[in-house]
Structures are given as C-alpha cells and as structure tokens.
1. Among the residues that make up segment 51-58, is at least one of them at pLDDT 90 or above, surrounded by 12 or more Cβ atoms within 10 Å (Cβ to Cβ) and at negative phi?
2. Within segment 151-176, take every residue that is modelled with pLDDT under 90 and touching a helix residue (DSSP H, G or I) at 6+ places or on another chain (Cβ under 8 Å) and give me the one that is farthest from residue 119 (Cα to Cα).
3. Name the single residue, out of those in segment 95-122 being modelled with pLDDT under 95 and touching a strand residue (DSSP E or B) at 6+ places or on another chain (Cβ under 6 Å), that is surrounded by the most Cβ atoms within 10 Å (Cβ to Cβ).
4. Give me a count of the residues in segment 81-102 that are part of a loop (DSSP other than H, G, I, E, B) and either closer than 17 Å to residue 13 by Cα or touching a residue at least 60 places away in the same chain (Cβ under 8 Å) (or both).
5. Going by the conditions given, is residue 74 part of a helix (DSSP H, G or I) and either at pLDDT 95 or above or under 13 Å from residue 10 (Cα atoms) (or both)?
6. Does residue 136 fit the bill of being within 15 Å of the chain's Cα centre (by Cα) and either modelled with pLDDT under 95 or under 20 Å from residue 70 (Cα atoms) (or both)?
7. Out of all the residues in segment 169-180, is one or more more than 30 Å from residue 35 (Cβ to Cβ) and assigned to a helix (DSSP H, G or I)?
8. Any idea which of 79, 39 is within 22 Å of residue 171 (Cβ to Cβ), touching a helix residue (DSSP H, G or I) at 6+ places or on another chain (Cβ under 6 Å) and either at pLDDT 95 or above or surrounded by fewer than 16 Cβ atoms within 10 Å (Cβ to Cβ) (or both)?
C-alpha cells in the first residue's frame, strides 16, 4: 500500500502551456508559499514525488505519472476559477481518478471568492462536470473554501483520507474564518 501523505493539486490548464494564461498560476502560488521561509505554509506536493512529464509525452505516460501521484496522496485540492467548468484537458479524468479510484476527499478552493464561504450556490456554475456529477450523486466528500493561504493550509491539515468530512459538502464555521483571517 502506498504511503499517502501528499496533496494532489488539479486545475484547468486552459489548453495552453503559457503559465500566464493557465490556472497553473494558482498552483505556482501555493508552491511559492511553501518555499518561502517567511510564510507559514507547508504541504507535501504529490507532483514532486514522481518523474516529470513534458508536454510532448504520450497521454498514457502522462496518465500513468498522474495516477502514481494520486496513489500517494491524502487529498486533492481542486482550484476553481472562471475557466474550471470548461470540458477540456485532463481535469475531469483527474477528478474521476482521485474520487473513484483513490477515494480522496476534495478541497475545492475558489479563486474568485474574497470573503467567507458559507454557500456554494453562486459557484456551482464554475464546477467541472465530473465534480457536479459526483456531488449530485453524493459520491465525493468536499470542503469548499476561498483560495486563501490560511484556509488552504487549514484544509490540507484537516481533510485527508484519514479524516474525511461527514457530509458531501462541508464549509468552515465562521469561527474558523475569524481565527485565521484576523
């Protein structure tokens, strides 16, 4: 059995390899938080655990590497932007693998949310189809948070295959926001 201590991060690649045009910029922000000694943020990046793949790699090779990363993960962070609902690339496949094959809870982090998140009603339109499908069928455990350093770190530490939320859709209580976003 694989040692599950990593965090698998997924986002919409926006059909480009240009990081300024892709949602990868938010993943890069997480990595910058992690590498900055002056910021309290640390996570085990599952994408660092296997050999890199290039844009020219065969799809089977890419999927194999991604599955290896998922197998060693304790949770998935799904970065949601205004581009996330586009049905393209590997995002739907990644969600399906993380949920159905590896049983990972999903931390849904919204980049467009600036305040406390207590309802997802206005954000559903940004969900990838696979996420909608799994939530509608009650086949995934999720916590929904704004993409803020303190909340992402808290969710990474709170939600994993060892501590899965009770409900399909979970939010942090207002007291957590008050504590972390002083």
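The values are calculated or read from the model by the stated rules, or taken from the named source; none is laboratory data. These numbers were taken from a predicted model, which means no experiment stands behind them. So basically every Cβ, Gly included, is an ideal-geometry build from the backbone, and we count neighbours across all protein chains shown.
1. no
2. Taking the candidates together, the pick is 168.
3. Among those residues, the one meeting the criterion is 117.
4. Counting residues in segment 81-102 that are part of a loop (DSSP other than H, G, I, E, B) and either closer than 17 Å to residue 13 by Cα or touching a residue at least 60 places away in the same chain (Cβ under 8 Å) (or both) gives 10.
5. No, not satisfied.
6. The answer is no for residue 136.
7. Yes, there is a match, as at least one residue in segment 169-180 is more than 30 Å from residue 35 (Cβ to Cβ) and assigned to a helix (DSSP H, G or I).
8. The match here is 79.
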